[in-house]
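Peer 1: Here you go, one structure.
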Amino acid sequence: MVDAATILRDTGLGCSVVSLGSTPTAHHALDLNGVTEVRAGVFVFFDLVMAGIGICQIDDIAISVLATVIGHQHEKGWILIDAGWMAMSQDRGTSKQEVNQGYGLVCDSSGKPYDNLMLADANQEHGIVMVRPGSGASLPDLKIGDRVRILPNHACATGAQHRSYHVVHGASDIVAGEWQRFGGW
């Protein structure tokens, strides 16, 4: 981008902003001389797509959606939650990666991932939690009213579905703060 800006300037065109971005770029850049803006994407939170390409680990993901178990369909191997694609976004960014995370990775309320449990399907308001096909894992004993955290495929798209972030520290479920989102371009 710096070279492109130089070429533009050499032809007499003004180029005061040299903007580049992506979380992988921000994470691995060795030299940003000549760059005036870095749009780092999900760098602050990370997400399952970034974990899937090796930019971060699952434990580095700092955004989740807290959901409640609202039902079961035992014969189908489903746990129903109150977080569908309106809460998670429809981003299926991991669908072509080595590990398809469905609509998100299911964790206990403290943020520890369940073994091979994913938000396999979703409609507007509700999600279907299932065991990853072929894993041989079994559903955890989650009762109606239990809480789970869902790690999103794409932090930006999921964050955009909510008006604010409720901040917790580590495995705590105590809300320590609320950060208002801002929108617009």
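The values are calculated or read from the model by the stated rules, or taken from the named source; none is laboratory data. From a predicted model like this one, the values you see are computed outputs, not experimental measurements. Here the Cβ is made from the backbone with ideal geometry for all residues, glycine too, and neighbour counts use every protein chain on show.
Peer 1: Could you tell me whether any residue of region 94-101 is in the same structural domain as Pro152 (by TED's automatic domain parsing), within 27 Å of Ser164 (Cβ to Cβ) and either among the basic types (Lys, Arg) or surrounded by 20 or more Cβ atoms within 10 Å (Cβ to Cβ) (or both)?
Peer 2: At the first step, the residues of region 94-101 found to be in the same structural domain as Pro152 (by TED's automatic domain parsing) are 94-101.
Filter again for within 27 Å of Ser164 (Cβ to Cβ), leaving 94, 101.
Subset that is either among the basic types (Lys, Arg) or surrounded by 20 or more Cβ atoms within 10 Å (Cβ to Cβ) (or both): 94, 101.
Checked region 94-101: at least one residue is in the same structural domain as Pro152 (by TED's automatic domain parsing), within 27 Å of Ser164 (Cβ to Cβ) and either among the basic types (Lys, Arg) or surrounded by 20 or more Cβ atoms within 10 Å (Cβ to Cβ) (or both).
Peer 1: Right, next: Could you check His166 against (1) crowded, with 17+ Cβ neighbours inside 10 Å; (2) within 16 Å of the chain's Cα centre (by Cα) and say which number it fails?
Peer 2: (1)
Peer 1: Could you give every pair whose Cβ atoms fall below 6 Å, whose first residue belongs to region 15-36 and is closer than 17 Å to Asp60 by Cα, and whose second residue is not in a loop (DSSP other than H, G, I, E, B), counting only separations of at least 6 or pairs across chains?
Peer 2: Every condition considered, the pairs that remain are Thr23/Met50; Ala26/Val38.
Peer 1: Return the pair list, or none, for Cβ contacts closer than 7 Å from residues in region 145-172 that are polar (S, T, N, Q) to residues that are assigned to a loop (DSSP other than H, G, I, E, B) and modelled with pLDDT of 90 or more, at least 6 apart or on different chains.
Peer 2: Correct list of pairs: Asn153/Asp47; Asn153/Gly104; Thr158/Ile63; Thr158/Pro152.
Peer 1: Scan region 145-154 and tell me whether some residue there is among the charged types (D, E, K, R), over 13 Å from the mean Cα position of the chain (by Cα) and part of a loop (DSSP other than H, G, I, E, B).
Peer 2: Yes, region 145-154 contains at least one residue that is among the charged types (D, E, K, R), over 13 Å from the mean Cα position of the chain (by Cα) and part of a loop (DSSP other than H, G, I, E, B).
Peer 1: If the requirement is being modelled with pLDDT of 90 or more and hydroxyl-bearing (Ser, Thr, Tyr), which of these qualifies: Ser95, Ser89, Ser138? It would help to see each step written out before you state the result.
Peer 2: Details: Ser95 fails: modelled with pLDDT of 90 or more; Ser89 fails: modelled with pLDDT of 90 or more.
Result: Ser138 is the single residue among Ser95, Ser89, Ser138 that is modelled with pLDDT of 90 or more and hydroxyl-bearing (Ser, Thr, Tyr).
Peer 1: Take the residues of region 66-94 that are without any contact (Cβ under 8 Å) to a residue 60 or more places away in the chain and assigned to a strand (DSSP E or B): which is farthest from the chain's Cα centre (by Cα)?
Peer 2: Out of the qualifying residues, it is Gln73.
Peer 1: Are any residues in region 47-56 more than 9 Å from Asn153 (Cα to Cα) and either assigned to a loop (DSSP other than H, G, I, E, B) or in contact with a strand residue (DSSP E or B) (Cβ under 7 Å, 6 or more places away or on another chain) (or both), and if so, which ones?
Peer 2: Across region 47-56, the qualifying residues are Ile53, Gly54, Ile55, Cys56.
Peer 1: Related question: Given Lys143, Lys112, which one is under 16 Å from Asp59 (Cα atoms) and surrounded by fewer than 16 Cβ atoms within 10 Å (Cβ to Cβ)? Step through it out loud before you land on a result.
Peer 2: Numbers: Lys143 fails: under 16 Å from Asp59 (Cα atoms).
Of the residues listed, the single one that is under 16 Å from Asp59 (Cα atoms) and surrounded by fewer than 16 Cβ atoms within 10 Å (Cβ to Cβ) is Lys112.
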